[in-house]
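Written out below as structure tokens is the structure these notes cover.
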Amino acid sequence: MKTDEIRERFLKFFKARDHKIVSSDSLIPAKDPTLLFTGAGMNQFKDYFLGLKKDIKRAASSQKCLRTGDLERVGFTAYHHSFFEMLGNFSFGDYFKREAILWAYEFMTKELAIPGERLHASVHEKDEEAYKIWRDEIGMPDRRIYRFGDKTNFWPSNAPADGPNGPCGPCSEIFYDQGEGVGCGKKTCNVECDCGRYAEVWNLVFTQFDREDAGKLTPLEAKNIDTGMGLERIACVMQGKRNNFETDIFDPLVQHLKGLLKKSPAADEKRMIYVIADHTRAAVFSIADGAIPSNEGRGYVVRKLIRRAAMYAKKMGSGEPVLYTLVPIIEKLMGKTYPELVNAGPHISEVLKQEEERFLDRLEEGLRMLKDEAKRSKQNNMDTIPAEVVFYLHDTCGLPIEITTEVARELGMKINSKECEALMDEQRKRARENTQIAGAIFVTEEMDRKLHGIPATKFVGYETNDAEATVLAVIDGKWAVLDRTSLYAESGGQVGDTGMISGEGFKLEVTDVKKRDTHFLHKIENMSSKLRVGCKVRVSIDSQRRLDIMRNHTATHLLQAALRNILGKGVRQLGSLVAPDRLRFDFSYGKALTPGEIEKIEKEVNGNILKNSALRVSEKTTEEAKREGALAFFGEKYGERVRLVEIENTSKELCGGTHAAKTGDIGCFIIVSESSVASGVRRIEAVTGRGALEHIQKSRTALDEIASLLKVKPEDAATRVKKLMSRTKELERGAKASQISVEDLRKLSSKLDGYNLICGSFKGATIDELRDASDEIRHKEAKTVIVLFGITEDKAHFIVACSPDAVKKISANDIIRDIAKTVEGQGGGRKDLAQGGTKRLDLTEKVLSRIADIVRKHLS
């Protein structure tokens, strides 16, 4: 049975038993700051487990999950993954143990036709109720029912003794026996053995207690069911495989990698292929949901996954990026279930390729540093690589510690594992503190508790600027909750409105509006005691500010349409800010926009503004809107009905924000900057309406001042400045031509494999000065390679030149490219002369000591 069919059968089975089928949440939990990634099916149902929501009693889902606690085991066991799908059925104060167990057994034995005698179950040692259901109602013999303690059969594990506080309970696990021919072969083998014979496929959690301080377990009034079955594991069972990586959802990736890496893998190499397939799949789904590789938080996790996969590809002989070639295969395997993969395919490929290229460059640097450090340590009669160096290679160059250990061993060196682990522990601690991720499984913020039971706020701000309302709550002396409001709450990248709340004897300024689920919280800096629960008030918005926001929001839709028309349909929105004074738009694209592209984008947006098209807003089901071609924001989880904002023949997006009535209301659109945010992510900042007018006026004033100083017309200012700059360069060249003399360079000369290597750094030297100095000496000295750096406050220039006889053996262009990669810069040129530059001054200082190694590599 194919994996897709198992998923479909599971959801249909529980739909027939009155469960609401809920689509998978994003891997990035939008409303749960306690989590880096979604790690379980129950995560999106926390409010139901806590009793904060009660509109659903039963639910079932197939949830995308990402866990990194067992990365070292991926590929080395049959069942561990970083990314996986979790099938789950849930009850919120409805059915309990009996139905959960009976339905689980029925699904496996009837729907999947798994022989009942192959199934084993475990229960908590004190859970007589679950034990009797398995024994008496299912008819499972005692010998196949196991009783375990809190560590194995309680969720969270060992919670009665160790915590955390909150909802918890015993669990019952279901195992599949693969037969005596699998595993250790011992007669004593049972579900506790880790030999692989018994596959744990389903965990049924009976949330029936509230743990309090000192381990006190108080029975919950409403008992819940939370189950989780790994889709990959049950697919392995159903397809008769011994390893998840042999199933239909992984095998195409494995076969592709075998062909690409051109090896018939031995056991270790097969495990490496498994790691590459697993980690790449995890990275693909993470990027599709908006997690971009970076050095902190979620981005760090994604970067680590990519680097581990790339490291193993490198170990198997690949010197080029490999991971991005798996994207189309993953799309084909899973795109039907998760269409976001197809929509984001080009972006994901670009990000993976750029990230892997950058890592491979860093990897070469890391291996060279390791070899240099080993050499220095041996010279000092040391046999251990310092832990600080190992950690730096791991943290900065992405060199896994196990690889460092292996290379060090080959070089006759050791590493101190305990010291390295201590440094890693410190880093993990800093990461936890920086991300502010809570340790508890269930965390209800104090605000949510205070809002519990308060009726929802009705938003009327689409239709009116003013509203009559009743105060429902005043919280913490600065937040007011009303039954109705015209003020928009911060959401979807749009900032909250400001305005006034007035009543009998008071008028209060609202400085912001936040939304928590169905409640709008109005922030009031100077709260009045006259604002009390039950009093009648009038709410009014700052209408001019709202108009500015509306202009920017509608312009954001026009901008996205223009980007997709000009740069391609692979462009996806990855983030935005809609404020009164500006708009910011982050989107997927692999390179900087050219001035010509920016001009085209600006022209197209302004063209649509001049058309003065009316906006049409309607409400539809999510499926209807998507069938009509509406764009949705990445990672956003939409309800059954959505708001569709259309601009005729231009744009169609799902959006809950406030907008101009017609595009002409925007007035004018000006791009003020375009920059990089992360690998494969660009950012445009722009202004409209009053902001655009202010920008034009400031620019015109500045231009008029420059023209006045130059004593030319404004339209002639640029030409005049170019002439002045050219003249200034000539004067500087004449004044400084002798600053780097031939004699100075000769003093820097050293012998290298029969050649003269001249290498040096000159503070404040321009690229022209470096070029002039290198030109002078390379025509005077035979068999000479010159590498010169000019360092300024914010950047470095570098140049490589070769004497006429040296170019027969070596190319300046090859050397400059190596230097540019090492310092994360750019460079190129001819065989006899090449130049480059970088803003990474820290890397420039380090590369100076390695120039001889780089040149020697090209001489060999």
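Per-structure values
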quantity: Probe 1.4 Å, all protein chains present, accessible-area order of Phe391, Phe798, largest first; calculated: Phe391, Phe798
quantity: Leading residue at positive end of dipole, segment 87-130 (Cβ point charges), from Gly93, Ser122, Ala104; calculated: Ala104
quantity: Protein accessible area in segment 729-817, 1.4 Å probe - carbon and sulfur %; calculated: 48
quantity: Label-to-label distance, nm, for residues given as Asp842 and Ala16 (7 Å Cα→Cβ offset); calculated: 6.0
quantity: Prolate/oblate/rounded label for the chain (Cα gyration tensor, a/c 1.5); calculated: oblate
quantity: Restraint check, Lys371/Lys783; Lys603/Lys698; Lys15/Lys216; Lys15/Lys620, Cα-Cα greater than 32 Å; calculated: Lys15/Lys216
quantity: Test item: Cα-centred dipole of segment 670-762, Lys/Arg +1 and Asp/Glu -1 on Cβ, debye; calculated: 160
quantity: Total charge dipole magnitude, segment 289-432, about the Cα centre, Cβ charges on Lys, Arg, Asp, Glu only, Debye to nearest 20; calculated: 220
quantity: Accessible area (Å², 1.4 Å probe, nearest 10) - Ser157; calculated: 70
quantity: Furthest towards positive pole of dipole, Gly534, Leu567, Ile609, structure part segment 517-616, Cβ charges; calculated: Gly534
quantity: Within the chain, helix-based [θ] at 222 nm, where runs of 4 or more DSSP H residues each add -39,500 (n - 2.57), nearest 500; calculated: -11500 deg cm²/dmol
quantity: Proximal charge balance of Asn343 [Cβ under 12 Å; K/R count +1, D/E count -1]; calculated: +1
quantity: Rounded accessible area of Lys46 (nearest 10 Å², 1.4 Å probe); calculated: 20
quantity: Counted charge near Arg551, where neighbours are those whose Cβ lies closer than 9 Å (Asp, Glu -1; Lys, Arg +1); calculated: -1
quantity: Relative contact order (%) - segment 255-361, alpha-carbon pairs under 8 angstrom, separation at least six; calculated: 28
quantity: Per residue value of the accessible surface for segment 553-607 (all protein chains in place, 1.4 Å probe), Å²; calculated: 37
quantity: Reachable aspartates and glutamates, given that their alpha-carbon falls under 14 Å from the alpha-carbon of Lys53 and they are not under 8 places away in the same chain; calculated: Asp94, Asp448, Asp517
quantity: Solvent-accessible surface (1.4 angstrom probe) belonging to Leu709, in square angstrom, nearest 10; calculated: 140
quantity: Candidate lysines for bridging to Lys353, where Cα separation is under 16 Å - those fewer than 8 sequence places away on the same chain excluded; calculated: Lys304, Lys314, Lys591, Lys821
quantity: Three-way shape call for segment 104-175 based on the alpha-carbon gyration tensor, with the a/c threshold at 1.5; calculated: prolate
quantity: Amide N of segment 540-570 lying under 19 Å from the label point, which is placed 7 angstrom from the Cα of Lys600 along Cα→Cβ; calculated: 558-570
quantity: Normalised contact order of the chain, rounded percent, pairs of Cα under 8 Å and 6 or more residues apart; calculated: 7
quantity: Radius ratio Rg over Rh of segment 562-690, counting only Cα atoms, Kirkwood formula for Rh; calculated: 0.95
quantity: Apportionment of accessible area to carbon and sulfur, segment 474-600, percent (1.4 Å); calculated: 45
quantity: For the chain, share of DSSP beta bridges that run antiparallel, in % to the nearest 5; calculated: 85
quantity: Net dipole in debye of segment 548-673 [+1 Lys, Arg Cβ; -1 Asp, Glu Cβ; about Cα centre; nearest 20]; calculated: 180
quantity: Tail beyond 17 Å, pair distance distribution of segment 576-635 (Cα, percent); calculated: 67
quantity: Accessible surface ranking that places the most exposed of Ser122, Ser860, Ser543 first, with a 1.4 angstrom probe; calculated: Ser860, Ser543, Ser122
quantity: Segment 279-300 versus segment 60-117: alpha-carbon centroid distance in Å; calculated: 24
quantity: Euclidean distance between Cα centres, segment 301-337 to segment 805-849, Å; calculated: 29
quantity: Net charge, Arg840 excluded, C-beta distance under 14 Å - Lys, Arg +1, Asp, Glu -1; calculated: -1
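The values are calculated or read from the model by the stated rules, or taken from the named source; none is laboratory data. The structure presented is a predicted model; accordingly, all values stated were derived computationally and were not measured. Here the Cβ is made from the backbone with ideal geometry for all residues, glycine too, and neighbour counts use every protein chain on show. Surface areas here come from the heavy atoms of the whole protein model, side chains and all, with no ligands, DNA or RNA. Shrake-Rupley method; radii C 1.70, N 1.55, O 1.52, S 1.80 Å.
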